[in-house]
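Below is one structure; the comments refer to it alone.
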Amino acid sequence: MKLIIDNANIDDIRSMYEFFPMDGVTCNPTILAKEKRNPYDVLKEIRDFIEDGELHVQVVSEDSDTMVEEAYRILKELGNNTYIKIPTNKEGLRAIRILAAAGIHVTATAIYTQMQAFLAAKAGASYVAPYINRIDNLGSDGVRTAREIHDMFRNYGFKTEVLAASFKNSRQVITLCEYGIGATTISPDVLDLLIKNDSVVAALHTFRDDFEGLCGKGKTMLNC
Ligand code: E4P
């Protein structure tokens, strides 16, 4: 499962890359707005840092022709291995088809239903991004939706992968990881929850205290 960071803050991204085995960065217009800077300045900084890692950038236009124009501008500015995020509505499906036919990587986003995912995959999207937590908040089941999309793609032999998005807790991520989903995009706070565990902290404190009891304060295998 690819692990992608859903964030556009370069300090957060650097920090997450320092500690986690990351595969790329996603963002959306809301995430970019939080940076309060020109979007291309922010994105170029991210591209320089992640080098040829996956960078997923969303178009903002609402008609398919302008979505396609936006896609080419994004690619010109941010180069290879940039995935164009296209909202999965009627106009978006047309844009996905045009871009995919030109060999451009597309991430179909704002996926709430299996049928949106099916249509986006058939139109040629590389990824579809079901919004796990937002689906949960509609009284449905985001994890189940993502699993059903994953199964549907395998049944049809589509190459499209699920890029599960919009997580609010680690359980949602772990369940999809166990299921073999292609990728998840996760905010820094939820990423931290994947490894945060008070039992681990307590176990390590005991190891340290016992060793220091044997060899003295501050001693390690380096200097005992
Ligand atoms: C990814 O494609 C989405 O833009 C993102 O994960 C949405 O997350 P949110 O529901 O936390 O805003």
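Bear in mind these aren't lab numbers, they're just calculated from the coordinates by the rules spelled out. Keep in mind that this is a model prediction, so the values were computed, not measured. As a convention, Cβ positions derive from the backbone with ideal geometry for all residues, glycine included, and neighbour counts pool all protein chains shown.
Report yes if some residue within the range 163-178 is under 12 Å from the mean Cα position of the chain (by Cα) and without any contact (Cβ under 8 Å) to a residue 24 or more places away in the chain; otherwise report no. Break it down into steps so the answer makes sense when it comes.
Within the range 163-178, the first condition is being under 12 Å from the mean Cα position of the chain (by Cα), and the residues that meet it are 163-167, 173.
So of that shortlist, the ones also without any contact (Cβ under 8 Å) to a residue 24 or more places away in the chain come out as 173.
Yes: the range 163-178 contains one or more residues that are under 12 Å from the mean Cα position of the chain (by Cα) and without any contact (Cβ under 8 Å) to a residue 24 or more places away in the chain.
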Selection within the range 189-223 - surrounded by fewer than 10 Cβ atoms within 10 Å (Cβ to Cβ) and basic (Lys, Arg): LYS217
Set SER140, SER64: member being farther than 28 Å from GLU51 by Cα, in contact with a Lys or Arg (Cβ under 6 Å, 6 or more places away or on another chain) and of a type in the set (Ser, Thr, Tyr): SER64
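Does the range 123-162 hold any residues that are small (Gly, Ala, Ser) and under 15 Å from the mean Cα position of the chain (by Cα), and which are they? Quick ask: steps written out before the conclusion?
Here is the first cut: in the range 123-162, the residues small (Gly, Ala, Ser) are 123-126, 129, 139-140, 142, 146, 157.
Across the range 123-162, the qualifying residues are SER126, ALA129, ALA146.
I need the full set of residues from the range 101-115 which are over 19 Å from GLN172 (Cα atoms) and surrounded by fewer than 22 Cβ atoms within 10 Å (Cβ to Cβ), in order please.
Across the range 101-115, the qualifying residues are ALA101, ALA102, GLY103, ILE104, HIS105, MET115.
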Residue match in the range 69-85 (condition: out of contact with any Ser or Thr (no Cβ under 9 Å at 6 or more places or on another chain), surrounded by 13 or more Cβ atoms within 10 Å (Cβ to Cβ), β-branched (Val, Ile, Thr) and over 12 Å from THR107 (Cβ atoms)): no
Where SER140 falls short, out of the listed (1) under 22 Å from GLY24 (Cα atoms); (2) polar (S, T, N, Q); (3) without any contact (Cβ under 8 Å) to a residue 60 or more places away in the chain: (1)
Hits in the range 17-38 (condition: within 15 Å of the ligand (Cβ to nearest atom), assigned to a helix (DSSP H, G or I) and in contact with a strand residue (DSSP E or B) (Cβ under 9 Å, 6 or more places away or on another chain)): PRO29, ILE31, LEU32
